[in-house]
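Some notes on the structure that comes next.
Quick note: the coordinates plus some simple rules give every number you see, no bench work behind them. Note that the structure is predicted; figures quoted are calculated from it, not measured. In this analysis, Cβ positions are derived from the backbone assuming ideal geometry, glycine residues included, and neighbour counts consider all displayed protein chains.
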Amino acid sequence: MPDEFTSPDPRLRPQHLTAPAAQPAGPPEYPVDETNFPALADAFASMQSAAGLQGYRLVVLGDDFAGAGTDFDRKLIGIGARRLNRQPFEAIIGTIGHELGHAYRQKHPEAPLVGAPIAGLTPQRMEEIEADRIGICLAGAASSIEALRTGGVTLDPGLPVHFRIDAAEHFSPASCPVGGPSKYSGIKV
Ligand SMILES: [Zn+2]
């Protein structure tokens, strides 16, 4: 088992680890499944089902990768090993919810904006806010805000973390297009 997994939370360390898929470029991809990361796999399955996005896979990106992202063509969500090492479980769940938010928008390009538009934001920045909002629908507000608080760097100076947290705190789950009776969902049913 690679010693790159150092989280104090056993849910964020592999219980067993199959060899990562060889990638021609980019970090190794460790599959998140019932064997390797059972708690994460359970959370992902629950949120994916609530979002109606079956078919996506979740992987952990090794080599101390710091980011998280979604590859629509491969239906793949990746989350960096450095995040697993440094962020609490709740924040990891929130980050996965955010990425599923991007996948939801990609699947439903014509669906109305989730929540109210924010004046002055470019469409790209609004898309990030919307992914945060869908993340709230799927993972709950506390998880999503924890993901923002502990997520580290602000890649886009036009969309600082405090702005995103403020937008998240003002979002009402009543506007959620997805969600359901999930223990990870912010919606109480
Ligand atoms: Zn995003």
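A few notes on this one:
- For region 10-175, the dipole from Cβ point charges (+1 on Lys and Arg, -1 on Asp and Glu) about the Cα centre works out to 140 debye, to the nearest 20.
- Across region 1-72, C-alpha contacts under 8 Å between residues 6 or more apart give a mean separation that, scaled by the residue count, equals a relative contact order of 29 percent.
- Residue list for region 141-172, given a label point 7 angstrom along the Cα-to-Cβ vector of ASP9 and an amide N cut-off under 13 Å: 142-151
- Low-density loop cleavage sites - chymotrypsin sites (Phe, Trp or Tyr not before Pro) in region 67-117, where at most 13 other Cβ are within 10 Å (DSSP): PHE72
- Region 65-110 shape via C-alpha gyration tensor axes, a/c threshold 1.5: oblate
- Trypsin sites (Lys or Arg not before Pro) within region 47-99: DSSP coil, no more than 16 neighbouring Cβ in 10 Å: ARG74, LYS75
- Cα gyration tensor category, rounded, prolate or oblate, for region 62-159 with a/c compared to 1.5: prolate
- Kirkwood-Stokes translational diffusion coefficient of region 10-175, alpha-carbon pairs, 25 °C, 0.890 mPa s, µm²/s: 153
- Region 10-175, relative contact order in percent, only Cα pairs under 8 angstrom and at least six apart counted: 18
- For ASP63, the amide hydrogen comes within under 5 Å of no other amide hydrogen, counting only partners 5 or more places away or on other chains and with H modelled in the peptide plane.
- Long-range HN-HN contacts of LEU76 with modeled amide H, under 5 Å: ARG57, ASP71
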